[in-house]
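One structure below.
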Amino acid sequence: MNNLIYRTGIFALIIQIFAVVFGYYVLGLTVPPSFLFLKKLLWLELFVQIIQGSFYIWMTTNFSKIADITPFRYNDWFITTPIMLFTYSFYLLYLKYREENKVIDKNIFELVQENLWILIPIILLNVLMLAFGYLGELKKITKYLAAFLGFIPFILMFSIIYINYAIYSANGIKIFWYFCGIWSLYGVASVLPYEIKNVMYNILDFFSKNFFGIFLAFILFFANQEMTNTTKNETNM
């Protein structure tokens, strides 16, 4: 099973390399003005991929020397999950604007100021959720108590996201339940035996982190393709 942790870690690293390369390529493409905001979010997701990739490089190169890799994952998660929640919330806000046939013409800093008192509780609840998990890994509290306590800020955090962002579009609601479901599985994995838990973490990191970055990149890629084809058709007329 230890070999399976290593192999799924290698797989996760390969996916992260693809996500960074493809994402960086897409950022160089021209897209319609209505998609420019997504480029800003993709830049943030690339940072997430790089941080996560750094952890997996460290994990796979030092795997045989580490008795328990789980606590080290929190070094990655304490950095990447707040950024992910930030980009995820703003993507839902983007969908809300599209539902209203509007374009977000503000920069990231202006949006942060406008949404500050929504984002701060989300980030603090996320930190609290991770703190309970970390205490469980350090055996300061039992893993079952850590999971139970961790689900309290988890539910509150996603409730805030749902009420303030997801509920305003049909696609937003679908994506909300996807993220909510995937993130909840981390709590389930936390109470499982060491090997199964870390295999699940490797797989979940793909579906929670890599997926969203690749998802945004493909939206921008297809937006570029559609714009290019439209331009060609207009030229040929």
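We did not get these values from a lab; they are worked out from the coordinates using the rules stated. As the structure is a computational prediction, the values presented were derived from the model and not from experiment. Don't worry about glycine lacking a Cβ; one is built from the backbone with ideal geometry, like all the others, and counts go over all protein chains shown.
At full extension, Ile14 and Trp117 could sit 33.3 nm farther apart than now, given 0.36 nm per residue minus the alpha carbon distance. Applying the Karplus relation 6.51 cos²θ - 1.76 cosθ + 1.60 with θ = phi - 60° to the stretch 158-164 yields 3J(HN,Hα) values of 6, 5, 4, 5, 5, 5, 8 Hz, where x marks Gly and Pro. Taken along the Cα-to-beta-carbon direction at a fixed 7 Å, the label points for Phe78 and Leu124 span 1.9 nm.
The alpha carbons of the stretch 109-229 occupy a box of 57, 34, 25 Å along the principal axes, longest dimension given first.
3J(HN,Hα) along the stretch 99-107: 4, 9, 6, 10, 10, 6, 10, 9, 7 Hz, from the Karplus curve 6.51 cos²θ - 1.76 cosθ + 1.60 with θ = phi - 60°, whole Hz, x for Gly and Pro. Structural descriptor for the stretch 1-101: relative contact order 34 percent, calculated from alpha carbon pairs under 8 angstrom and at least 6 residues apart.
Quick check for me: using +1 on Lys/Arg Cβ and -1 on Asp/Glu Cβ, what's the dipole size of the chain about its Cα centre, in debye to the nearest 20?
Dipole of the chain, to the nearest 20 debye: 380 debye.
Dividing the mean sequence gap of close Cα pairs (under 8 Å, 6+ apart) by how many residues the stretch 2-219 holds gives a relative contact order of 29 percent.
To the nearest 0.05, how large is the calculated FRET efficiency for Tyr25 and Lys174 if R₀ is 35 Å and r is the Cβ-Cβ distance?
Details: r = 27 Å, r/R0 = 0.77.
Taking R0 as 35 Å, the efficiency between Tyr25 and Lys174 is 0.80.
Evaluated at q = 0.09 Å⁻¹, a Debye calculation over the C-alpha positions of the chain (equal weights, vacuum) places log10 I(q)/I(0) at -0.41. Sorted on the mean count of surrounding Cβ atoms within 10 Å across their residues, most packed first, peptides 133-145, 97-109 read 133-145, 97-109. Which pairs, out of Lys39/Lys209; Lys139/Lys209; Lys39/Lys197; Lys65/Lys197; Lys40/Lys96; Lys96/Lys209, put more than 24 Å between their alpha-carbon atoms? Pairs exceeding 24 Å: Lys139/Lys209; Lys39/Lys197.
Relative to the current alpha-carbon distance between Leu44 and Val191, full extension at 0.36 nm per residue lengthens the span by 49.8 nm. Compute a Gaussian network model of the chain, connecting alpha carbons closer than 10 Å, and tell me which residue from Met129, Met227, Met157 fluctuates the most. In the Gaussian network model the winner is Met227.
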